[in-house]
Amino acid sequence: MPDDVNHFSHRLQPLQDIYFHSEHLREDELLRGSQSLTYLLWSITILILLLAAGNFLLIRIAQQDRDSSRFAIHKCYGASNKHLFYQLLGEIGLQTGVILLLSCILTYGLHPYFIQILSPEHIYPFELFNLSNFVFVGFICLIMGIICSILYFHFKHHVSREGVRGMLQPKPQQINLSKILTILQIGIFTSLLFYCTIIISQINFIKNKPLGIDTEHILQVGWFDNSRSYQPLKEELLQHPGILYVCNGMSIPFTYIPSIEKIPLLSEPEKQVDVVCAYGDEDFTNVYKIPIIESQEFTPIEFNPSPENNYSSTTDVWVNKKFVETFKLDHPLGMILNQQHSVHYRITGVTEDFHTQSLHYPVRPTMILPPSTYLLLIRYQPGKRQEILEYLQDLYLSRNPEYIFECKEYNYSDLYQKDMAFMELVILFSLIAILIGGMGIFAFAIFMVESKTREIALRKVNGASERQIMLLFNRQFMTKVLVACVIGLPIAYYASRKWLENYAYRIEIQPWIFVLTIVISLCIVLLVTNWQIRQASRNNPIDTLKTE
């Protein structure tokens, strides 16, 4: 068997797996989903459910005296523990059913807005009865059962066998459940706040990072011409005073998987390096303002198959600095690189490094090859966009009236559409979590202040000022925030590092982000609790002691 025979392998893939497992396909050939985004949204949803469950527990615990007294009275009239559990389960189940109904109505109303974020080009209908929704409802029922069990054992702990008399002298609480829930809630929304800060910083970083090319003021026009008379067309376009450069080539950065050539190393021919292929003529670097390090005359593709050179052809290419470094070329100009299929590449120019893909990928060895397509890249003067568009459209339709004029420009969202959707959804869900967490903290503040009214009155009688009382209670909340940050921030830091690994170019997680997260968390918590504490500290201590 000859040594130059190529071997290929194929494998089959179920259609149901392609949506989330399609890395081997070109991105422009198939709509693909983000499995990591799906998992993240599920995780945030579960966190929000936990926050809501924590809020519900805090409110019920704040009503402990009423519920425990009701339990005690029922016990006096002979109600069994099983009856009390079912009664509590029925109450929580009814409330959960009403909330689920309202949630379905709200989700149906907001569905079009979520679609615009997640999948604006491929709208899918809202389906109420499907497996995912049934799983979600089952999960809600599981949480409801857990909440009911926690409340049942909590109230049972405070109701002795003597009934109401035992309730008047309850046993001291071994574990303060309300404090644990408050710290958990603060920890969750602190983690989400930290994660949001990292995401926003990274998106701003990739949006403003120089790509090594200038993508502004460039129009990409697909030009159909039977005569294939590119050079006369180029000269005609350059006659327009608003057009600076015209190039035949492919636009960059690529929004799809680029063409790759495997080229063997000169020192180790058995090793091959993946090289990205960009396509453009001699004005490609002028259109994109790519700095040139050194160059010779850029010549078109040259076919010279003959018996003397084993029927090979030679193509003149330009390469970037990364290519030169990877292949360790001391004098790259004029160097001929052998490639498979009887194609040789002759280096006639070297440019600075530039990005051909999104910043998820590092700068790779790149060749600029003569184009094999007919796609115009036009750089125009700033402020002349509308004028150039009208000129190109009129010229195109005058020559090709049977075809539709199509023009594109570089769009930041084309490369980072999923990243932008990811950021918007995380911020939205985080705001919801912070709102729910704030409501839980407010409930705990009410519960704490009501349980401390006698203490506040006694301190005021003994000369404590309103400011001193507020500082005393705020110190307790500040301690909870710091404990929550100690628990939540390491988890958020780990999750942020894992997410940043998706980018070849990423921010460093600076200490100021930790400090900012702690400060904002403190401000949110103190803003929620200060009003209630202030109201309690302003009450007349004599009236309070009379009622107590």
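For the stretch 333-356: of the residues being modelled with pLDDT of 85 or more and not aliphatic (A, V, I, L, M), which is surrounded by the fewest Cβ atoms within 10 Å (Cβ to Cβ)? Ranking the candidates gives GLU352 first.
Among LEU522, LEU472, which is the only one that is at pLDDT below 80, among the aliphatic types (A, V, I, L, M) and surrounded by 15 or more Cβ atoms within 10 Å (Cβ to Cβ)? The match here is LEU472. Restricting to the stretch 456-469, and then to whatever is under 21 Å from VAL525 (Cβ atoms) and surrounded by fewer than 17 Cβ atoms within 10 Å (Cβ to Cβ), can you tell me which residue is modelled with the lowest pLDDT? Per the stated criteria, the residue is GLU466. Scanning the stretch 346-392 for residues that are among the small types (Gly, Ala, Ser) and either touching a residue at least 12 places away in the same chain (Cβ under 8 Å) or closer than 18 Å to GLU325 by Cβ (or both) returns GLY349, SER358, SER372. Here is a list: LYS289, LYS209. Which entry is basic (Lys, Arg) and touching a Leu at 6+ places or on another chain (Cβ under 7 Å)? None of the others qualify; the one that does is LYS209. Residue count for the stretch 372-423 satisfying the condition of being outside any helix (DSSP H, G or I), of a type in the set (Val, Ile, Thr) and at pLDDT 80 or above: 2.
Please tell me if ASN248 is farther than 26 Å from HIS344 by Cβ and under 38 Å from the mean Cα position of the chain (by Cα). Taking the combined requirement at face value, the residue does not satisfy it.
Here's the yes/no breakdown for (1) of a type in the set (D, E, K, R); (2) closer than 24 Å to LEU40 by Cβ; (3) at pLDDT 80 or above:
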site	(1), (2), (3)
LEU168	no, no, no
PRO172	no, no, no
LEU184	no, yes, yes
LEU192	no, yes, yes
CYS196	no, yes, yes
ILE199	no, yes, yes
PRO210	no, no, yes
HIS217	no, no, yes
GLN220	no, no, yes
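For the stretch 251-272, filtering for residues that are surrounded by 16 or more Cβ atoms within 10 Å (Cβ to Cβ), closer than 19 Å to ILE290 by Cβ and either touching a Cys at 6+ places or on another chain (Cβ under 9 Å) or not assigned by TED's automatic domain parsing to the domain that holds HIS331 (or both) leaves 1.
State which residue is farthest from GLY488 (Cα to Cα) when the search covers only the stretch 193-209 and only residues that are crowded, with 18+ Cβ neighbours inside 10 Å and over 12 Å from the mean Cα position of the chain (by Cα). If we take residues in the stretch 193-209 being crowded, with 18+ Cβ neighbours inside 10 Å and over 12 Å from the mean Cα position of the chain (by Cα), then ILE206 is farthest from GLY488 (Cα to Cα). Screening LEU89 on (1) assigned by TED's automatic domain parsing to the domain that holds PHE134; (2) part of a helix (DSSP H, G or I); (3) modelled with pLDDT under 75 shows it passes everything except condition (3).
The values are calculated or read from the model by the stated rules, or taken from the named source; none is laboratory data. None of these values were measured; they are calculated from a predicted model. With ideal geometry, Cβ positions are generated from the backbone for all residues, glycine too; neighbour counts draw on all protein chains shown.
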